[in-house]
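The values are calculated or read from the model by the stated rules, or taken from the named source; none is laboratory data. The model shown is predicted, which means the values in this text are computed figures rather than measured ones. Because the Cβ atoms are built from the backbone with ideal geometry, glycine has one as well, and the counts that use them run over all protein chains shown.
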Amino acid sequence: MQNKHQLITTSDGSHTLFHEALNETYHSKNGALQESLHVFIQNGLVNYLSKNNIKAIHIFEVGFGTGLNAILTLKEAMNRNKKIKYTCLEAFPLSIDTINQLNYLEEESAILKSLFDKMHQCNWNEWVEINEHFSIYKMENKLELTSTNELLQISNPFNIIYFDAFAPDKQPELWTTTIFKTIFAAMNNGSLLVTYSAKGDVKRALREVGFIVKRLAGPIGKRHMLCADKANSL
Ligand SMILES: C[S@@+](CC[C@H](N)C(=O)[O-])C[C@H]1O[C@@H](n2cnc3c(N)ncnc32)[C@H](O)[C@@H]1O
């Protein structure tokens with residue numbers, strides 16, 4: 001996949017990237033920051049923590065991209081005094097020049113900015129401690145070539161999955177039962193997967209694999225999103 005991007009400003013003032021070859025943005029044009037906060041932080045991390053009062057959490061993100069979900073997760077881990085081990089997958093890492101143009105942390109502390117830089121500058125394919133609350137393993141690979149075993153060699157079974165691939169109509173090969181099975185098998189019972197897509201085909205594929213799928217209110221500009229539970233009883 002050709003990797004040429006344009007920087008664009010979304011409705012809430014935060015940046016995203018436009019992927020020219022796919023004709024697709026990395027986040028919602030209605031607000032990259034509000035989408036990330038709503039789908040992944042509130043309905044993923046905060047939702048999970050409201051039901052599971054544990055200190056150490058394992059997260060897997062599909063599509064590391066700009067690192068927006070990762071830095072918001074790190075911030076939440078600091079605020080809530082949690083310890084997060086964050087495994088993320090990316091087939092086409094962005095250049096540091098591209099990352100340096102993003103305005104996500106304009107209103108944040110110098111400390112958070114330096115942690116964002118550290119997260120982007122650290123090595124791929126190894127665990128790196130970013131601070132006492134957050135360690136990251138940036139895995140450079142394609143989702144469709146990644147097995148459950150590989151994931152479980154890197155991490156404990158996951159508590160939360162941030163499924164943030166490009167949209168199903170752009171990359172249908174990433175939203176299949178085969179892929180969801182791989183991820184499902186790497187999850188703890190009682191864990192959850194969140195994604196911004198609420199497409200019928202996605203819902204059906206998740207259910208086929210064994211998830212209990214709920215449609216939640218979407219971020220601004222989108223009616224719904226999905227939250228899929230790997231229930232305790234399964
Ligand atoms: C919607 S964007 C993710 C946005 C990202 N979570 C962020 O906060 O910036 C989708 C990401 O998936 C990556 N990607 C595309 N094809 C992939 C594949 N086959 N396997 C893994 N990642 C892929 C893209 O390069 C892109 O970074």
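Key figures
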{"item": "Residues that are of a type outside the set (S, T, N, Q) and away from the ligand (no atom under 11 Å from the Cβ), drawn from region 22-35", "result": "Lys29, Gly31"}
{"item": "Which numbered condition Leu17 misses (of (1) under 14 Å from the mean Cα position of the chain (by Cα); (2) aliphatic (A, V, I, L, M); (3) farther than 23 Å from Cys227 by Cβ)", "result": "(1)"}
{"item": "From Leu151, Leu145, residue being surrounded by 16 or more Cβ atoms within 10 Å (Cβ to Cβ) and under 25 Å from Ala205 (Cα atoms)", "result": "Leu151"}
{"item": "Criterion violated by Phe92 - all others in (1) under 27 Å from Thr176 (Cβ atoms); (2) buried (at least 16 other Cβ atoms within 10 Å of the Cβ); (3) not acidic (Asp, Glu) satisfied", "result": "(2)"}
{"item": "The listed residue being at pLDDT 95 or above, within 8 Å of the ligand (Cβ to nearest atom) and out of contact with any Pro (no Cβ under 8 Å at 6 or more places or on another chain), out of Gly63, Gly44", "result": "Gly63"}
{"item": "Subset tally (residues that are under 14 Å from Ile71 (Cβ atoms) and among the small types (Gly, Ala, Ser)) for region 85-109", "result": "1"}
{"item": "Unique residue being surrounded by 14 or more Cβ atoms within 10 Å (Cβ to Cβ), farther than 15 Å from His133 by Cα, in contact (Cβ under 8 Å) with a residue 60 or more places away in the chain and more than 12 Å from the ligand (Cβ to nearest atom) when the list is His58, His15, His19, His38", "result": "His38"}
{"item": "Answer residue from region 169-200, given it is within 20 Å of Glu35 (Cα to Cα) and among the basic types (Lys, Arg) and is farthest from the ligand (Cβ to nearest atom) among those", "result": "Lys199"}
{"item": "Selection within region 123-146 - within 13 Å of the ligand (Cβ to nearest atom) and over 17 Å from the mean Cα position of the chain (by Cα)", "result": "Leu145"}
{"item": "Residue that is surrounded by the fewest Cβ atoms within 10 Å (Cβ to Cβ) [pool: residues in region 186-202 that are at pLDDT 95 or above and in contact with a Ser or Thr (Cβ under 9 Å, 6 or more places away or on another chain)]", "result": "Val202"}
